[in-house]
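In what follows, a structure is listed as structure tokens, so that the remarks can point back to it.
Quick note: the coordinates plus some simple rules give every number you see, no bench work behind them. From a predicted model like this one, the values you see are computed outputs, not experimental measurements. A quick note on method: Cβ atoms are made from the backbone with ideal geometry, for glycine too, and the neighbour counts reach across all protein chains shown.
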């Protein structure tokens, strides 16, 4: 391992071990209680397939309980123990799990079951696969670390989503598009990293929260990245795949749709051209000969200057199916992004609406994709703004495998300089009711595939990970990685529950710490929204790097991202009646809500409607006064964030305490910049004063 | 020569030869007339010192008249001729120039004198130095190329300005800061170029218009550029200096004020530290041992994050004088830039005014600089905007050598994608009456040193030259280089006259061409101003690259560049009475004009005053209507520019015709973008409609 997770004193303090720091439980009584059974681990006679699970279990127990557990291969007689193993191999572990329990355990699931026998307590941890067992071990350790009651437990868990994917936007030169935590852990100077120790630590981190798929390179595939599927790089990629395989994670690559031209020596990338199809089939043969469990390709095509099937007059279905056909014999998948829009729009054009683009492009193709294709759909119709409505493709598409794409890296949400915990936002997205098959057709159900009987489904997210020692730049941003993965596993988990787990595992179980940090995290997204762009309008950021306020930053640009503010009002009319018609892309029951300014959720009001500044909101405030109020309030909330953190001095390792404090100080300054720029912009444009007479410039 | 200037068919057509294309005179009668005397060139017996002059003369005559002139060293008897030589060397040439003429010729001056003797016409071209003679030759060729009357001419010319400087902002990696015509001609990949042929062609171009000083590297001196004064580069720099020396041009370097630290191994750059002073003296010894006529150092200190004397609690005078002391034994100069301001301003701060900075920083130092120091002062108080008032340091400083700094490269004026001929602007600057010693204390007089008896003075400008085949990207932008140099030589030349010369020398003497191109050039600055930022306010550009409209681009930034527009009015109050007090930095007679909104020249109204949109201008238009009108008009004027150029189809070499046409097409599109963004911004902010009901978005 790159940095031993046992050297807590050395590395736990800087955040390298994230939620796997396994600090000693504070509660001595509980520690003793757990140790009675956790000091003995009973395994079968075939330790090879459970080697990693066993090692993780031992090291976790050592950290959490301070106990060096004894591993035995015989059945214990009088002593309490953990019984560990894979079910269905004719081993002793089978005898602890009943038939009606076993049938509930899927190929990624596990059981944790505790029962008394005589004076002994047996805690069974088992899966029907090695991977399931690993998830079970990490789950048990989480229970210990969060001080759960184990006695009498019967916990059978399977992941809700088949695909639980991390997307890296890493370039092979080592840079990371939208990365805020250092350089790539995979690539440096156009080579695959030699620091495989860190990759192993990473695989372990992801496995501990149930991630089972990883795309290691940027969706924007440039010259050298195109060569990842050539012999120049494939052996190195296979080495990475091996590391992830041990932790139950399949490796995928982003591929260049024009690979046949770029690296194949052909004159075309036409998906219907027989030579092109042949080339990809042979390429698949080559890849799978080195990486037998290769996950497949992630494709960004015909998007932001990336090549695609449009060049040849073909559809996205033609493009995706051609690749899918090549991968199908090996069980590989094609993940096709729906982030397709006109990025050369004239700001003077009020007919074209970028928000419509994904739906307009992909709905006509519903049902035309092969079984091993998934469409990867960004949560909202624009691009990871702090507040957007849910993409109408969810609930629109019925005959197509779907992935929900989220963004963990904080491109538009403070770039890991600001604390912005996204789990509450993601919960809203997952819980959003598309009404597609009546009430309760939530996004989280659709993406599992269960609503429309899609064969595949799941979630993907752009990671916030880099080679900073603490992985995420802002140490607290680890919580977003954690939370994303936990929601992939079980989207019904509450934000409160996930946050509670993360704080206890990362910092401690002291109630002061748990309560304070939870409050900080759970309110931080709304705080960020308060001092940035209001009411769903978005895009009031500096172009290109997307950091910091710039109200007109995208207003006269070509990206289709406008607020249309004038001295009387602001917002984009996306209604069917008088606007771009975007609202009509939703199921009629939802469309009716967005179409009507009185019914439209106020947090999205300006996304759907152009409203006068003197419009009265439900709170009784005018729209302009709401803007002022939220912006002043946002800064006050950052002050509170800082005060809360400061109250934890002495309760958090000094290095992390000071590091987070410094970020919060920066956030406070920068939130004032946001407040003042936004308020000043609107004050200057409207001439309407703040009712409370606060300082506007 | 890199590209022969004789191969007109090959290279003349693409603009490489600029105004030295020497195309055959269209007027056959005149050609014959000139050829009578131009076919014979009489020189002294020492051709070495006049070798280059002679070669230039011969090649020019060959091109312009189609004549291969005969060179003889005896005095001609009956035949007409050109008599060429350096005066005061006891040669025959002396006998043609009277004593009262000789005394008028300075060490860079020349005489051109034509007289009849019998049936012969003698045309004397002479200087008192080789350099003066060279200038005389290029002047004679210009007269021929522009169809001037030579018979009976008596022309004695001396340059108005001692220092006529070109500044390169070239970096040693080959990039050019604010360069729009390719890469550096001097540097590539951290090395000095090996393409010395092109450098020679460049030296010749500059010499032909009287430039006598060149700074070859960027004022922002980074790591490798700091080493230009070390043995790593000095020999290569000496080779460049040799080439320029042949054409009467001294080479200067931009130096890093912190060189003692960066390359000297000292711990300080404190200008009063004896070790620092010693280091620089030894460095001067080293440089001058290789480049005996080295010009000196250009220094950007304590500006935009460059190091300087402030670090050590010293003044700019301390810093400059320390360097001046080191160079003084060799006659070297220190040119110290006055572009010093707070580039970390808070936009909320309305007290600090960047416009004040140069004056506030340097006026207290007037009289404290050594005799071989010059202050280089940008024409305006901000940064090369399309319209600024003249810097109050001109007329303010009295006991200090001064250089006027202009910008030929079109950073804020269309980046050589737009046609923007700057000579009319520069004329206004040079003619600006500071009133410092009563009426007619113009800037052009002050910088010669004559008003306040300063020992040194002149002009410097940032070049628009790069390694594009036509040197300037936009071929017509060559006119700005030409015009700048001609104004250095003689600021009393009218814009009309300079333009006439350039068109005739570059394209042809056909009246249709001359008149059309002159109209295009002379109106283009005002046209550019019309469709960009109005009434002297400036800065409505995209940050960093400074291209294209962005009204709020610098409004909430840290650079001290604000327009303060709200729904009622726009402009910066820089009056003494109620504003930042900047107006008070001028001589009281000028200050009184700027202070009073009724007297303030309207083109600078918003630079000095915050005005309501309904303010009535002298034209009878409201301010807002003026903004609309000029922006619609600007685009119409670009359409006219394009039409004018199009009317020259067949009159201009096809390559240049199409190249310029393409730029004008681009300018037309982009001027519409400017018009629409600016008009829309103000319409949305004010709600005031265009009286003529034209389209605003």
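The alpha carbons of the stretch A:303-402 give a radius of gyration and a Dmax of 14.3, 49 Å, in that order. Shown for B:191, A:131: other C-beta atoms within 10 Å of each C-beta, ranked fewest to most, produce the order B:191, A:131. Compared with the dominant Cα axis of chain B, that is its longest principal axis, helix B:316-327 is turned about 20°.
Over all pairs of different C-alpha atoms in chain A, the reciprocal of the mean inverse distance, the Kirkwood hydrodynamic radius, equals 26.6 Å. For the stretch A:44-111, the percent of C-alpha pairs falling in each 5 Å distance bin, counted from 0 to the bin holding the largest distance, reads 3, 14, 23, 24, 21, 12, 3, 0. Distance distribution P(r), the protein assembly as shown, all Cα-Cα pairs, bin width 20 angstrom from 0: 9, 29, 32, 20, 8, 2, 0, 0 percent. A viscosity of 0.692 mPa s and a temperature of 37 °C, combined with the Kirkwood radius over C-alpha pairs in the Stokes-Einstein formula, give the stretch A:164-492 a diffusion coefficient of 165 µm²/s. A simple spin-label model places pseudo-atoms 7 Å from Cα toward Cβ; at residue B:617 and residue A:147 they are separated by 7.3 nm. Other protein chain C-beta atoms within 10 Å of residue C-beta, averaged over B:540-552: 2.
The simple spin-label model puts a point 7 Å past each Cα toward its Cβ; for residue A:71 and residue B:576 those points are separated by 8.8 nm.
Label reach from residue B:697 (point 7 Å along Cα→C-beta): in the stretch B:506-535, no amide nitrogen lies under 14 Å. Relative to the globular-protein estimate of 2.2 N^0.38 Å, the Cα radius of gyration of the stretch B:611-697 stands at 1.38. Taking a ≥ b ≥ c as the square roots of the eigenvalues of the Cα gyration tensor, the stretch A:72-146 is oblate, since a/c reaches 1.5 or more and a/b is not larger than b/c. The calculated 222 nm mean residue ellipticity attributable to helices in chain A amounts to -11000 deg cm²/dmol, summing -39500 (n - 2.57) over DSSP H runs of n ≥ 4 and dividing by all residues. If you average the alpha carbon positions of the stretch A:233-265 and of the stretch B:353-393, how far apart do those two centres end up, in angstrom? The distance from the Cα centre of the stretch A:233-265 to that of the stretch B:353-393 comes to 59 Å. Would any residue of the stretch B:631-652 have its amide N under 18 Å from a label point 7 Å out along Cα→Cβ of residue B:469? List them or say none. Only B:652 pass the distance filter. Shape summary of the stretch A:582-623, radius of gyration then Dmax from alpha carbon positions: 10.8, 31 Å.
Each DSSP beta bridge with both residues in the stretch B:346-457 is either parallel or antiparallel, and the antiparallel ones are about 10%. Approximating the spin labels as points 7 Å out from Cα along Cα→Cβ, the residue A:431-to-residue A:342 distance works out to 3.8 nm. List residues of the stretch A:111-128, by number, whose backbone nitrogen lies under 13 Å from a label position 7 Å along Cα→C-beta of residue A:91. It comes to A:125-128, nothing else. Counting only alpha carbon atoms, the long axis of helix B:28-38 and the longest principal axis of chain B meet at about 60°.
Each residue in A:670, A:474 was given a count of other beta-carbon atoms within 10 angstrom of its own, and listing them fewest first yields A:670, A:474.
When residue A:640 is represented by a point 7 angstrom out along its Cα-to-C-beta vector, the spacings to that point in the other copies are 6.3 nm, nearest first. With contacts taken as Cα pairs under 8 Å at a separation of at least 6 residues, the stretch B:28-157 carries a relative contact order of 27 percent.
Expressed in units of 2.2 N^0.38 Å, where N is the residue count, the Cα radius of gyration of the stretch B:470-559 is 1.36.
Per residue of A:669-675, other chain Cβ atoms within 10 Å of the residue Cβ number 1 on average. For the stretch A:454-520, the Stokes-Einstein estimate of translational diffusion at 10 °C and a viscosity of 1.306 mPa s comes to 121 µm²/s, using the Kirkwood hydrodynamic radius over alpha-carbon pairs. The relative contact order of chain A comes to 11 percent, based on Cα pairs under 8 Å that sit 6 or more residues apart. Shielding by partners for peptide B:677-687, expressed as the average number of C-beta atoms from other protein chains within 10 Å of each residue's C-beta, is 4.
Distance between the C-alpha centres of the stretch B:168-210 and the stretch A:587-625: 59 Å, rounded to the whole angstrom. Over the C-alpha atoms of the stretch B:276-341, the Rg to Rh ratio, Rh being the Kirkwood estimate, stands at 0.99. The angle separating the long axis of helix A:130-145 from the principal Cα axis of greatest extent in chain A is about 80 degrees.
Of the beta bridges in the stretch A:164-492, as assigned by DSSP with both residues counted there, near 10 percent are antiparallel. Volume per residue of the convex hull around the Cα atoms, evaluated for the stretch B:28-157, comes out as 92 Å³.
Its relative contact order, with pairs defined as Cα atoms under 8 Å and 6+ residues apart, puts the stretch A:164-492 at 19 percent.
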